[in-house]
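Values in this text are rule-based calculations from the coordinates and carry no lab data. Computed from a predicted model, the values in this text were never measured in an experiment. Counting neighbours? That spans all protein chains shown, and the Cβs are built from the backbone with ideal geometry, glycine included.
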Amino acid sequence: MEVSTRGPDETRALARAVAQAVEPGALIALEGDLGAGKTTFVQGFAEALEAQEPVASPTFVLLRVYRGRLPIYHFDAYRLEGVHELDDIGAEEYFWGDGVSLVEWADRIAEALPGDRMRVHIEHVGENERRLRIDASGPRHARMLGRIRW
Ligand code: ADP
Ligand code: MG
């Protein structure tokens, strides 16, 4: 699916709609340049899952865990030195666990991610306009994608 948003609130609203459609074990790969709106998307997503604290935006930490209706694993691969760092924190356990993983800069670690996943590609169109393309690879995430109501 392809959606244009006109401001961060609309991107957060779209992310809430995606969050309503996912199942435990979902993996959302976020792609897009710095300032595209990846973290903004995670904020809306976590809100919908009733995360107990707001999602932080600085990109210094590889993984933050939020507790909500499902555990939320927020990865940011921006400063990752190599995929071995993912092994160091046991990322596989999170990707294959019963929470929901969202990975910023997922294109940098694509080979380390399970093949069945949802991709959210965010493109900067104008100051407040973004184009989001959401697609799924694999049957599990295709099913979740089909449930998004927007
Ligand atoms: P990233 O994590 O991709 O680097 P952020 O979500 O941290 O990006 O930042 C996106 C910035 O763009 C925020 O300052 C946000 O307010 C702004 N913005 C403006 N329009 C939009 C939009 N339509 N969707 C998302 N963010 C937007
Ligand atoms: Mg970010």
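Of everything in the range 16-47, what is assigned to a loop (DSSP other than H, G, I, E, B) and under 11 Å from the mean Cα position of the chain (by Cα)? Give them in sequence order. The answer is Ala26, Gly37. Restricting the range 107-128 to residues that are hydrophobic (A, V, I, L, M, F, W, C) and either more than 16 Å from ligand 1 (Cβ to nearest atom) or not in a strand (DSSP E or B) (or both) leaves a set whose member that is farthest from Ala13 (Cα to Cα) is Ala112. When Ile89 is tested against the conditions (1) over 21 Å from Ala19 (Cβ atoms); (2) touching a Lys or Arg at 6+ places or on another chain (Cβ under 9 Å); (3) among the β-branched types (Val, Ile, Thr), the lone failure is (2). Suppose we filter Arg79, Arg64 for residues that are surrounded by fewer than 19 Cβ atoms within 10 Å (Cβ to Cβ), within 13 Å of the chain's Cα centre (by Cα) and not polar (S, T, N, Q); which single one remains? Criteria check complete, one pass: Arg64.
Restricting to the range 1-15, what's the tally of residues that are of a type outside the set (Val, Ile, Thr), buried (at least 18 other Cβ atoms within 10 Å of the Cβ) and touching a residue at least 12 places away in the same chain (Cβ under 8 Å)? Give the derivation first.
First, the residues of the range 1-15 that are of a type outside the set (Val, Ile, Thr): 1-2, 4, 6-10, 12-15.
In the following step, the residues that additionally are buried (at least 18 other Cβ atoms within 10 Å of the Cβ) were identified as 10, 12, 14-15.
Keeping just the survivors that are touching a residue at least 12 places away in the same chain (Cβ under 8 Å) gives 12, 14-15.
Count: 3.
Considering only the range 79-95, I want to know if a residue exists there that is within 16 Å of ligand 2 (Cβ to nearest atom) and farther than 19 Å from Ala15 by Cα. Break it down into steps so the answer makes sense when it comes.
To start, the set of residues in the range 79-95 that are within 16 Å of ligand 2 (Cβ to nearest atom) comprises 79-80.
After this cut, where a residue has to be farther than 19 Å from Ala15 by Cα as well, the list is 79-80.
Checking the range 79-95: at least one residue is within 16 Å of ligand 2 (Cβ to nearest atom) and farther than 19 Å from Ala15 by Cα.
In the range 24-48, the residues that are without any contact (Cβ under 8 Å) to a residue 40 or more places away in the chain reach residues that are assigned to a loop (DSSP other than H, G, I, E, B) with C-beta atoms within less than 6 angstrom, at least six apart or across chains, in these pairs: Gln43/Val55; Ala46/Val55.
Do we find that Arg131 is in a strand (DSSP E or B) and either hydrophobic (A, V, I, L, M, F, W, C) or on the phi < 0 side of the Ramachandran plot (or both) in this structure? When the stated conditions are applied, Arg131 passes them.
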